[in-house]
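*Asks:* One structure, as structure tokens, below. Some questions next.
The values are calculated or read from the model by the stated rules, or taken from the named source; none is laboratory data. Source: prediction; values computed, not measured. Here the Cβ positions follow ideal geometry from the backbone for every residue, glycine too, while neighbour counts run over all protein chains shown.
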Amino acid sequence: MTYKEEYSSSISNPKTYWKNQADKINWIKKPESILSESSGEYSQWYTDGIINTCDLCLDQQVKEGRGDQIALIYDSPVTQTIKKLTYKELLDQVSFFAGALKNIGLNKGDLVIIYMPMIPETMVAMLACARLGAVHSVVFGGFAATELASRIDDAKPKFILTATCGIEGKKIIDYMHIINEALEKSNHQPEQSIIFERDQLKLNNIGPRQIKWIDVLNQGENVPCTPLSSNDPLYILYTSGTTGKPKGVVRDNGGHAVALKFSMEKIYNIKAGEVFWAASDVGWVVGHSYIVYAPLIMGCTTILFEGKPIGTPDAGTFWRIIAEHKVNIFFTAPTAFRAIKKEDPQGSLKENYDCSSLRAIYLAGERTDPATYTWLNELSKLPVVDHWWQTESGYPMIANPYGIEPQPFKAGSASLPVPGFDIQILDEDGVEKKPNEQGAVVIRLPLPPGCLLTIHNNPEYFNKCYLEKYPGYYLSGDGGYKDEDGYIFIMGRMDDIINIAGHRLSTGEMEEIVASHPAVAECAVVGTKCELKGEVPIVLAVLKNGQEITQSDLSKELKIKIREGIGPIATIKSVSIVNQLPKTRSGKILRNVIRSIANKEKFKIPPTILDSAAIEEAEVALSLIDEK
Ligand code: COA
Ligand code: AMP
């Protein structure tokens with residue numbers, strides 16, 4: 001079938017299309033209901049199917065004869081370790097740890113927060129929860145205690161699984177310190193924190209409600225997979241929303257498994273037995289989908305990389321891993337290659353390695369800028385596939401359908417809609433835009449299987465955030481356009497979300513933190529372009545009357561406050577003190593104008609401007625940033 005035929009059949013006859021995809025995985029009980037619209041406009045898939053995701057990832061693979069195949073390669077330049085686990089070994093570890101968790105009281109439906117580094121135990125923990133039907137919520141290690149606390153309060157976990165430390169290049173990150181601080185800040189207190197002791201940081205003392213991983217393991221025994229309803233949640237993953245409060249995206253078991261297998265075949269074009277590497281973090285959706293679940297559901301070998309694209313030890317690490325583990329398909333964020341390009345512009349470190357196993361490089365998390373695309377394409381002589389997705393979708397929504405029928409590339413576009421996603425560009429009034437006209441990127445309902453079920457504890461917010469603005473459509477929050485060939489160009493967020501080095505963060509949340517500084521009367525935080533990280537935030541702050549803090553001191557204090565409030569990943573570029581913010585007469589801060597000024601782009605002064613002197617002041621303040 002051509003891409004066009006396959007895409008059209010997915011849109012015109014979704015039930016048949018997704019029944020065929022569902023037939024490709026091993027259900028405990030196959031669903032008879034494929035698409036149910038009983039719960040209103042937002043449809044549910046496979047509601048009567050019975051399944052277990054861990055069963056698909058491990059037990060089924062061993063049954064199909066892959067027991068001795070390597071399932072997981074842990075490659076950690078920061079600890080100089082390479083460790084390989086076969087499917088049989090991983091199954092044994094997961095089943096035994098699941099039994100241990102069960103014996104200390106973890107049951108189907110219980111929630112577990114996993115705050116762990118990129119080590120095999122993290123994957124074992126996720127899969128053990130999946131085995132029991134407990135719902136995991138992995139929190140990215142780069143978030144500070146306050147963010148962790150807000151997730152603890154929202155998820156109300158029974159247990160927290162953690163390790164003594166993470167390793168960031170040469171730095172040891174003391175997780176216990178962060179966990180303890182988070183638990184002091186949170187109202188909810190889990191029954192136990194289970195701590196994996198790493199060689200790099202030993203546990204000096206064990207507090208109340210804390211237990212060593214090894215002591216839990218001592219209570220282990222192998223347990224079978226718990227049969228789950230297709231729509232029982234597999235995990236909750238928090239992501240930045242447009243309010244200060246993170247939103248917990250809830251993922252199902254059945255639709256998710258179908259969608260991931262579908263994506264491995266149709267988008268990544270990879271087969272069982274091959275090696276798939278997503279250089280991301282298990283704390284992000286890319287890590288959930290393409291380090292943990294999809295490669296295992298597909299019977300591939302997956303790589304868990306504890307390191308950075310540069311500095312661990314150099315900008316050749318990616319090439320070394322590709323050559324050493326014979327990676328067939330590689331996936332990372334453009335920012336990672338921009339960092340490599342900066343250190344090794346000629347790509348000479350690649351010459352030390354035989355990367356002939358590699359067939360394609362996939363990039364996502366932000367738009368692939370044409371300069372990075374061209375550099376990587378020329379250096380690798382391979383297809384470089386930009387593809388667009390979100391935590392909410394869990395897998396790509398726009399991509400070059402490599403496993404169906406490769407399509408010509410267009411620089412700056414993630415290419416064409418993935419089967420199942422009816423993507424439209426709408427204006428403010430919900431009218432479809434003409435080709436090449438920019439608007440809101442929306443998806444006509446029903447969304448295909450695997451996309452978010454709801455927002456944890458907040459179905460009203462789910463409706464408000466995604467469904468209310470354009471009835472019958474899912475609002476992605478991104479802006480973009482389609483060209484005359486149907487290629488979609490994503491141009492960035494239309495809300496206050498920014499993407500710093502592949503990390504999705506909310507400037508609204510940063511504004512809340514800045515505004516809580518005792519000297520600040522009001523502020524605006526916007527994302528501005530950065531050659532390495534894609535975007536970085538800048539701050540304009542108005543001081544309260546009588547405050548005499550210098551710009552440099554305020555900047556230092558706010559940088560610390562944001563690191564403590566959100567995490568070190570939220571690095572702000574600059575802080576400028578101004579007398580007033582550019583605003584409309586109705587008091588709305590003109591963030592778009594501030595962003596354009598900071599990016600040195602043309603902008604129109606809106607007729608509703610309150611005081612144009614504020615714009616002149618912002619121009620002067622922001623012109624000084626790069627000179628600092
Ligand atoms: N745990 C604790 N701290 C973390 C962390 C983690 N998991 N990840 C990042 N940090 C810290 C860093 O140590 C750094 O702290 P510092 O300011 O004290 O030095 C800070 O957060 C900023 O880190 P980062 O955003 O990684 O910037 P960098 O300059 O160290 O590295 C890149 C730049 C481009 C190499 C890096 O951001 C990168 O590899 N990005 C890819 C991200 C990615 O894969 N995203 C997934 C989307 S698919
Ligand atoms: P996250 O939920 O962290 O995966 O972030 C999702 C957001 O990242 C999207 O809404 C986009 O704004 C951005 N994004 C992800 N992939 C791409 C891409 N290929 N091109 C442009 N923007 C992207």
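*Asks:* May I ask you to list the residues in the stretch 271-317 that are more than 16 Å from ligand 2 (Cβ to nearest atom), among the hydrophobic types (A, V, I, L, M, F, W, C) and in contact (Cβ under 8 Å) with a residue 60 or more places away in the chain? Spell out the reasoning first.
*Replies:* Applying the first criterion (more than 16 Å from ligand 2 (Cβ to nearest atom)) to the stretch 271-317 yields 271-277, 295-317.
Still in the running and among the hydrophobic types (A, V, I, L, M, F, W, C): 272, 275-277, 296-298, 300, 303-305, 310, 315.
Of everything in the stretch 271-317, those that are more than 16 Å from ligand 2 (Cβ to nearest atom), among the hydrophobic types (A, V, I, L, M, F, W, C) and in contact (Cβ under 8 Å) with a residue 60 or more places away in the chain turn out to be Ala272, Val275, Leu296, Ile297, Ile303, Leu304, Phe305.
*Asks:* Of (1) more than 16 Å from ligand 2 (Cβ to nearest atom); (2) more than 23 Å from the chain's Cα centre (by Cα); (3) under 30 Å from Asn400 (Cα atoms), Leu554 satisfies all except one. Which?
*Replies:* It is condition (3) that Leu554 fails.
*Asks:* Among Ile513, Ile500, Ile562, which is the only one that is surrounded by 17 or more Cβ atoms within 10 Å (Cβ to Cβ) and either under 30 Å from Pro435 (Cβ atoms) or within 16 Å of ligand 2 (Cβ to nearest atom) (or both)?
*Replies:* Ile500
*Asks:* Oh, and also: Can you find even one residue in the stretch 318-340 that is charged (D, E, K, R), within 22 Å of the chain's Cα centre (by Cα) and assigned by TED's automatic domain parsing to the domain that holds Asn20? So that I can check it myself, show each step before the final result.
*Replies:* Filtering the stretch 318-340 for residues charged (D, E, K, R) gives 320, 324, 326, 338.
Still in the running and within 22 Å of the chain's Cα centre (by Cα): 338.
Narrowing the set further to residues that are assigned by TED's automatic domain parsing to the domain that holds Asn20 leaves none.
Taking every residue of the stretch 318-340 in turn, none turns out to be charged (D, E, K, R), within 22 Å of the chain's Cα centre (by Cα) and assigned by TED's automatic domain parsing to the domain that holds Asn20.
*Asks:* Looking at (1) part of a helix (DSSP H, G or I); (2) within 14 Å of ligand 1 (Cβ to nearest atom); (3) of a type in the set (S, T, N, Q), which is the only condition Thr162 fails?
*Replies:* All conditions pass for Thr162, except number (1).
*Asks:* Do you know which residues across the stretch 284-321 are of a type in the set (Ser, Thr, Tyr) and either part of a loop (DSSP other than H, G, I, E, B) or at positive phi (or both)?
*Replies:* Thr312
*Asks:* Would you point out the residue of the stretch 414-424, among those that are at negative phi and more than 9 Å from ligand 2 (Cβ to nearest atom), that is surrounded by the fewest Cβ atoms within 10 Å (Cβ to Cβ)?
*Replies:* Once the filter is applied, the top-ranked residue is Gln424.
*Asks:* Got a number for residues in the stretch 363-401 being in contact (Cβ under 8 Å) with a residue 24 or more places away in the chain, more than 15 Å from ligand 2 (Cβ to nearest atom) and either of a type outside the set (Gly, Ala, Ser) or at positive phi (or both)?
*Replies:* Qualifying residue count for the region: 4.
*Asks:* Within the stretch 387-408, track down each residue that is within 16 Å of ligand 1 (Cβ to nearest atom), out of contact with any Pro (no Cβ under 8 Å at 6 or more places or on another chain) and closer than 12 Å to Ile267 by Cα. Outline the logic, then answer.
*Replies:* In the first step, residues of the stretch 387-408 are kept if they are within 16 Å of ligand 1 (Cβ to nearest atom); the result is 387-399.
Narrowing the set further to residues that are out of contact with any Pro (no Cβ under 8 Å at 6 or more places or on another chain) leaves 390-396, 399.
Once the filter is applied, which keeps residues that are within 16 Å of ligand 1 (Cβ to nearest atom), out of contact with any Pro (no Cβ under 8 Å at 6 or more places or on another chain) and closer than 12 Å to Ile267 by Cα, the stretch 387-408 yields Tyr395, Pro396, Ala399.
*Asks:* Filter the stretch 10-40 for residues that are polar (S, T, N, Q), in contact with a helix residue (DSSP H, G or I) (Cβ under 8 Å, 6 or more places away or on another chain) and free of Cβ contacts under 8 Å to residues at least 60 places away in the same chain; which is surrounded by the most Cβ atoms within 10 Å (Cβ to Cβ)?
*Replies:* Asn26
*Asks:* Need at least 3 residues that are touching a Cys at 6+ places or on another chain (Cβ under 8 Å) per element, so show me which strands (runs of 3 or more DSSP E) inside the stretch 498-594 make the cut, counting only ones lying wholly within it. I'd like the intermediate steps shown before the answer.
*Replies:* Working: elements: 503-506, 520-530, 534-543, 574-578.
Because the criterion is at least 3 residues that are touching a Cys at 6+ places or on another chain (Cβ under 8 Å), the strands (runs of 3 or more DSSP E) in the stretch 498-594 that meet it are 534-543.
*Asks:* Pick from the stretch 216-260 the residues that are assigned to a helix (DSSP H, G or I) and touching a Pro at 6+ places or on another chain (Cβ under 6 Å): which of them is farthest from Pro446 (Cα to Cα)?
*Replies:* Looking at residues that are assigned to a helix (DSSP H, G or I) and touching a Pro at 6+ places or on another chain (Cβ under 6 Å), I get Val258.
*Asks:* Now, a different point. Check Val384 against each of (1) out of contact with any Asp or Glu (no Cβ under 9 Å at 6 or more places or on another chain); (2) closer than 22 Å to Gly241 by Cα; (3) of a type in the set (Val, Ile, Thr) and name the one condition it does not meet.
*Replies:* Evaluating Val384 over (1) out of contact with any Asp or Glu (no Cβ under 9 Å at 6 or more places or on another chain); (2) closer than 22 Å to Gly241 by Cα; (3) of a type in the set (Val, Ile, Thr) leaves (2) as the failure.
*Asks:* Would it be correct to say that Ser263 is within 15 Å of ligand 2 (Cβ to nearest atom), assigned to a helix (DSSP H, G or I) and in contact (Cβ under 8 Å) with a residue 60 or more places away in the chain?
*Replies:* Criteria met by Ser263.
*Asks:* On the basis of being within 27 Å of Gly394 (Cβ to Cβ) and either within 19 Å of the chain's Cα centre (by Cα) or at pLDDT 95 or above (or both), does Tyr353 make the cut? Write out each step before concluding.
*Replies:* Details: within 27 Å of Gly394 (Cβ to Cβ): no; either within 19 Å of the chain's Cα centre (by Cα) or at pLDDT 95 or above (or both): yes.
Here the answer is no, as Tyr353 does not meet what is asked.
*Asks:* Which of the residues belonging to the stretch 48-92 are crowded, with 21+ Cβ neighbours inside 10 Å and more than 30 Å from Trp319 (Cα to Cα)?
*Replies:* Hits for the stretch 48-92 are Gly49, Ile51, Asn52, Thr53, Cys54, Asp55, Leu56.
*Asks:* Looking at the structure I just gave you, is Ser348 without any contact (Cβ under 8 Å) to a residue 24 or more places away in the chain and polar (S, T, N, Q)?
*Replies:* Judged against the criteria, Ser348 is a match.
*Asks:* How many residues are touching a helix residue (DSSP H, G or I) at 6+ places or on another chain (Cβ under 8 Å) and under 25 Å from Asp215 (Cβ atoms) when one looks only at the stretch 146-174? Walk me through how you get there before you give the answer.
*Replies:* Of all residues in the stretch 146-174, those touching a helix residue (DSSP H, G or I) at 6+ places or on another chain (Cβ under 8 Å) come to 146-149, 152, 159-166.
After this cut, where a residue has to be under 25 Å from Asp215 (Cβ atoms) as well, the list is 148, 152, 159-166.
Summing the residues that are touching a helix residue (DSSP H, G or I) at 6+ places or on another chain (Cβ under 8 Å) and under 25 Å from Asp215 (Cβ atoms) in the stretch 146-174 gives 10.
Okay, residues lined up against (1) among the aromatic types (Phe, Trp, Tyr); (2) surrounded by fewer than 16 Cβ atoms within 10 Å (Cβ to Cβ):
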| site | (1), (2) |
| --- | --- |
| Phe143 | yes, no |
| Leu148 | no, no |
| Pro157 | no, no |
| Ile172 | no, yes |
| Lys202 | no, yes |
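*Asks:* Now, a different point. Using the structure shown, decide if Thr584 is more than 25 Å from Arg504 (Cα to Cα), polar (S, T, N, Q), loosely packed, with under 12 Cβ neighbours inside 10 Å and not assigned by TED's automatic domain parsing to the domain that holds Thr146.
*Replies:* The answer is no for Thr584.
*Asks:* Of the residues in the stretch 328-380, how many are of a type in the set (Phe, Trp, Tyr), away from ligand 1 (no atom under 15 Å from the Cβ) and not in a helix (DSSP H, G or I)?
*Replies:* Total meeting the criteria: 1.
Conditions (1) in contact with a Gly (Cβ under 6 Å, 6 or more places away or on another chain); (2) near ligand 1 (Cβ under 10 Å from one of its atoms), marked per residue:
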residue	(1), (2)
Asn269	yes, no
Gly273	no, no
Ala278	no, yes
Tyr290	no, yes
Tyr293	no, no
Ile303	no, no
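*Asks:* Could you look through the stretch 409-427, keep only residues that are modelled with pLDDT of 95 or more and of a type outside the set (A, V, I, L, M, F, W, C), and pick out the one that is nearest to ligand 1 (Cβ to nearest atom)?
*Replies:* Across the stretch 409-427, the extreme among qualifying residues is Ser415.
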